[in-house]
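*Asks:* Dropping a structure here in structure tokens format, bear with me for questions.
The values are calculated or read from the model by the stated rules, or taken from the named source; none is laboratory data. Every value quoted in this text rests on a predicted model; they were computed, and no experiment measured them. Don't worry about glycine lacking a Cβ; one is built from the backbone with ideal geometry, like all the others, and counts go over all protein chains shown. With ligands, DNA and RNA removed, areas are computed over all heavy atoms of the protein, side chains included. Shrake-Rupley method; radii C 1.70, N 1.55, O 1.52, S 1.80 Å.
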Amino acid sequence: MKTKPYIQDDNVLAYAVGTTLDRFIKSKQADFPFATGELSQLLRDIALAAKIVSREISRAGLVNVAGAYGHTNVQGEEQQKLDVIANIRFTRALTKGGEVCAIVSEEEDEVIDLQNSRGKYVVAIDPLDGSSNIDVNVSIGTIFSIYRRVTPIGYPIQEEDVLQQGKQQVAAGYVLYGSSTMLVYTTGFGVYGFTYERSLGEFFLSHPDIKAPVDGHIYTINEGLQPYLEDDVLEYVAHCKQKGASARYIGSLVADFHRNMLKGGIYLYPGTKKAPLGKIRLMYEANALAFIAEQAGAKATNGKNRILDIVPTSLHQRTPLFIGSEKMIEELGSLMKQIK
Ligand code: FBP
């Protein structure tokens, strides 16, 4: 029987759509001879929940999911309906997937023990970041950290399984619900960004091997905090202004972080005279973004230590966060030392 070899046809009539997240995860899994596919499946579960949440957000104004839910969460913040929806969607997907034994969520006061006798992963998640922007159609996000449990599989969840340092993460990522929906993640071997093609229901690789510019011209801080800022931070902001840097502040950590990662810049949510530990949560905001930042060649600190070295003591603890281009973080660091 006559056969012919397949030759890739780059006919413009059928332009290549690119690499799907699923194919990419499979191809990367092959890099790890002992990989069991569980982490791959976990990433797929997160992607599925992200698609559903993206749909809910995109039609929030049409179906009654805008506005407050009428409860406050453990942080004392008023929960938005979409906070609750995102929390349910991600928790359900992580439970159904079967790879996870425990979940730490911004919307849950305690650790959710899934009593899953075969789950080896612990997930810390901020289901919907940027609460103040939820109802005004400004970019918001989801942030997640993945750890391998420390105690044997099947044992009751222990504190040591959950309160792990950021440098123990096996994967971390965020979803950005902006003009397009993107999923960006790392497993410790580079940072990859995928854009959601809603009409096909697929994430496609759009930002391979993201590297943050070493220096930048954007500083991101809520200047409304000025009366409560410490001298060293005030000095650094003045330094940025002198350098002619531009102020950009969306008020959604994921969106501000993403922009600064791609364009070069620094995000500052410092400790203030009012809140010495600042606002950002270590376990499900700072740790994940710090892992991604370092994988992209950027840096993340609390002003004294590397975020990923901080030993967590409680689920919802806050930390000052300075994250961004390497040179800008170093400049900030040396200024802080001078002033102290
Ligand atoms: P949540 O919305 O998940 O609580 O996250 C905190 C956050 O909204 C960040 O996304 C954002 O960078 C910061 O707080 C904004 O704080 P502020 O309103 O004080 O500037």
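*Asks:* Where in segment 123-218 are the strands (runs of 3 or more DSSP E), entirely inside, with at least 2 residues that are more than 14 Å from the chain's Cα centre (by Cα) and among the aromatic types (Phe, Trp, Tyr)?
*Replies:* Those strands (runs of 3 or more DSSP E) span 202-207.
*Asks:* What do you reckon, is residue 254 within 27 Å of residue 109 (Cα to Cα), open to solvent by less than 20 Å² (accessible area, probe 1.4 Å) and either more than 14 Å from the ligand (Cβ to nearest atom) or hydrophobic (A, V, I, L, M, F, W, C) (or both)?
*Replies:* yes
*Asks:* Which one is nearest to the ligand (Cβ to nearest atom), of the residues in segment 259-278 that are within 16 Å of the chain's Cα centre (by Cα) and either over 14 Å from residue 300 (Cα atoms) or open to solvent by 20 Å² or more (accessible area, probe 1.4 Å) (or both)?
*Replies:* Result: 269.
*Asks:* Under 9 Å by Cβ, and 6 or more places apart or on different chains, what pairs join a residue from segment 289-302 that is under 18 Å from residue 125 (Cβ atoms) with one that is open to solvent by less than 30 Å² (accessible area, probe 1.4 Å) and modelled with pLDDT under 95?
*Replies:* Pairs that qualify, where the first residue is under 18 Å from residue 125 (Cβ atoms) and the partner is open to solvent by less than 30 Å² (accessible area, probe 1.4 Å) and modelled with pLDDT under 95, are 291/188.
*Asks:* If you go through segment 118-165, how many residues are open to solvent by 20 Å² or more (accessible area, probe 1.4 Å) and closer than 30 Å to residue 251 by Cβ?
*Replies:* The total comes to 9.
*Asks:* Just to verify a result, which residue in segment 234-251, among those that are farther than 13 Å from residue 328 by Cβ and in contact (Cβ under 8 Å) with a residue 40 or more places away in the chain, is farthest from the ligand (Cβ to nearest atom)?
*Replies:* For segment 234-251, the residue satisfying everything is 235.
*Asks:* State whether one or more residues within segment 231-242 are open to solvent by 30 Å² or more (accessible area, probe 1.4 Å), in a loop (DSSP other than H, G, I, E, B), over 17 Å from residue 167 (Cα atoms) and not assigned by TED's automatic domain parsing to the domain that holds residue 169.
*Replies:* No, segment 231-242 has no match at all.
*Asks:* Taking the criterion of being free of Cβ contacts under 8 Å to residues at least 40 places away in the same chain and either open to solvent by 20 Å² or more (accessible area, probe 1.4 Å) or assigned by TED's automatic domain parsing to the domain that holds residue 130 (or both), would at least one residue in segment 212-222 satisfy it?
*Replies:* Among the residues of segment 212-222, not one is free of Cβ contacts under 8 Å to residues at least 40 places away in the same chain and either open to solvent by 20 Å² or more (accessible area, probe 1.4 Å) or assigned by TED's automatic domain parsing to the domain that holds residue 130 (or both), which makes the answer no.
*Asks:* Exactly one condition in (1) open to solvent by 50 Å² or more (accessible area, probe 1.4 Å); (2) more than 23 Å from residue 151 (Cβ to Cβ) is not met by residue 109; state its number.
*Replies:* (2)
*Asks:* Here is a further query. Take segment 284-305 and flag every residue that is closer than 23 Å to residue 192 by Cβ, open to solvent by 10 Å² or more (accessible area, probe 1.4 Å) and outside any loop (DSSP other than H, G, I, E, B).
*Replies:* Answer for segment 284-305, where residues must be closer than 23 Å to residue 192 by Cβ, open to solvent by 10 Å² or more (accessible area, probe 1.4 Å) and outside any loop (DSSP other than H, G, I, E, B): 291, 294, 295, 299.
*Asks:* Here is a check on your reading of the model: is residue 185 surrounded by 24 or more Cβ atoms within 10 Å (Cβ to Cβ), within 16 Å of the ligand (Cβ to nearest atom) and outside the structural domain of residue 305 (by TED's automatic domain parsing)?
*Replies:* no
*Asks:* Next question. So if I check each of 115, 168, which one is over 17 Å from residue 25 (Cα atoms), touching a Phe, Trp or Tyr at 6+ places or on another chain (Cβ under 9 Å), open to solvent by 20 Å² or more (accessible area, probe 1.4 Å) and without any contact (Cβ under 8 Å) to a residue 60 or more places away in the chain?
*Replies:* One residue alone meets the criteria, 168.
*Asks:* Filter segment 59-77 for residues that are touching a residue at least 24 places away in the same chain (Cβ under 8 Å) and open to solvent by 60 Å² or more (accessible area, probe 1.4 Å) and give the result.
*Replies:* Matches in segment 59-77: 61, 74.
*Asks:* Of all residues being under 19 Å from residue 286 (Cβ atoms) and β-branched (Val, Ile, Thr) in segment 77-115, which is nearest to the ligand (Cβ to nearest atom)? Just the residue, please.
*Replies:* Residue satisfying both the conditions and the ranking: 104.
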